[in-house]
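This report refers to the structure that appears directly beneath it.
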Amino acid sequence: MVQDFSGRVAIVTGASSGLGAATVRRLAAGGARVWAAARSQDLLAELADGCADLPGEVRAGHLDQTDPASCRAMVAEAVEAYGRLDVLVNNAGRHDFRRTTEVTEQEWEHDLALNLSGPFYCAQAAIPHLLEAPDGGGTIVNVASVAGVMGEAYSAAYTAAKHGVVGLTRALAVEYLKHPLRVNCVCPGGMDTPQVQTIGVPEDADWDLIMRVAATRGLMDADSVAATICFLASTDAASVNGSIQVVDAGRTAG
């Protein structure tokens, strides 16, 4: 099912591939005007071209999520281009496995900046515009991970950051409980995306520990997770606020 986003404007971060690109396509299929933000402008151009026949529209915007100024500029450019903002999907992130004793200060700071501080700064910049959204108000969907609700080996920084995204979601939902803004979170398990092919793993890593958080039925298709994101972003989920939706094919069920 594709939700109706006709007339609505959405920002999707980390939109150049994987889950971000799948979310952009679903939003555009529902008629949304989508500001697709990432570092790779070439991949975003390909994505926009591939969405040209859909009811909505896709434009590419630059984003370096480790830079607060870039987060603020990206939101400002989207609002200037479209005149409004209804949806923010905080999807951008990166996961590499590293032994805790080998994590450098630079790697720790970078992981937190990309996976936690970036979503905060994007939300901070977007909220004033989302509060002015007509048709029932705006919505934020943060993308965390099953590492946001359980521990993950060789992933101290990533797990800490994704737990932080879950906490950020709940804090914003409560803070804006009396305002026209909903904030929810999706926690995916392992997905079949291009990042899987480039993820770093320590030498002699214990794969039994790594696979504890993978989907029980194999890697999931990103579009199945994008469907949950778009549901939460839609008016179909008007009563869903502050929720943490785990999408992992049952991995954390028991």
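Please report the equivalent ellipsoid semi-axes of the chain, computed as sqrt(5 x eigenvalue) of the Cα gyration tensor, largest first, in whole Å. Please report the intermediate quantities before stating the final value.
Details: eigenvalues 156, 70, 67 Å².
Listed largest to smallest, the semi-axes of the chain are 28, 19, 18 Å.
Once amide H atoms are placed 1.01 Å from N in the peptide plane, what residues at a sequence separation of 5 or more from V89, or on another chain, have their amide H within under 5 Å of its amide H?
I11, V12, T13, V141
Ordered by residue, what ³J(HN,Hα) values in Hz, to whole numbers, does the range 126-141 give under the Karplus form 6.51 cos²θ - 1.76 cosθ + 1.60, where θ = phi - 60° and Gly and Pro are x?
Each residue of the range 126-141 in turn: 7, 4, x, 7, 5, 5, 9, 5, x, 6, x, x, x, 8, 10, 10 Hz.
So how do 51-61, 14-24 stack up, highest first, on mean other-Cβ count within 10 Å?
Highest mean packing first, the order is 14-24, 51-61.
No solvent, one uniform scatterer per C-alpha: report log10 I(q)/I(0) for the range 1-103 via the Debye equation at q = 0.19 1/Å, two decimals.
-0.84
Hey, got the dipole for the chain? About the Cα centre, +1 on K and R Cβ, -1 on D and E Cβ, debye to the nearest 20?
The dipole magnitude comes to about 740 debye.
Using Cβ contacts closer than 10 Å as the measure, can you line up M1, M150 from fewest to most?
Result, fewest neighbours first: M1, M150.
Would you grab the residues whose amide H sits under 5 Å from the one on R251? Only those 5+ places off in sequence or on another chain, please, with H modelled 1.01 Å from N.
Close amide H contacts, sequence-distant or interchain: T216.
Of the trypsin sites (Lys or Arg not before Pro) in the range 149-191, which ones lie in a loop per DSSP and count no more than 16 other C-beta atoms within 10 Å?
Answer by residue number: K178.
Throughout, read-outs are computed from the coordinates displayed, never taken from laboratory work. What you see is a predicted model, and the numbers here were worked out from it, not measured in a lab. All Cβ positions, even for glycine, are placed from backbone atoms using ideal geometry, and neighbour counts span all protein chains on display.
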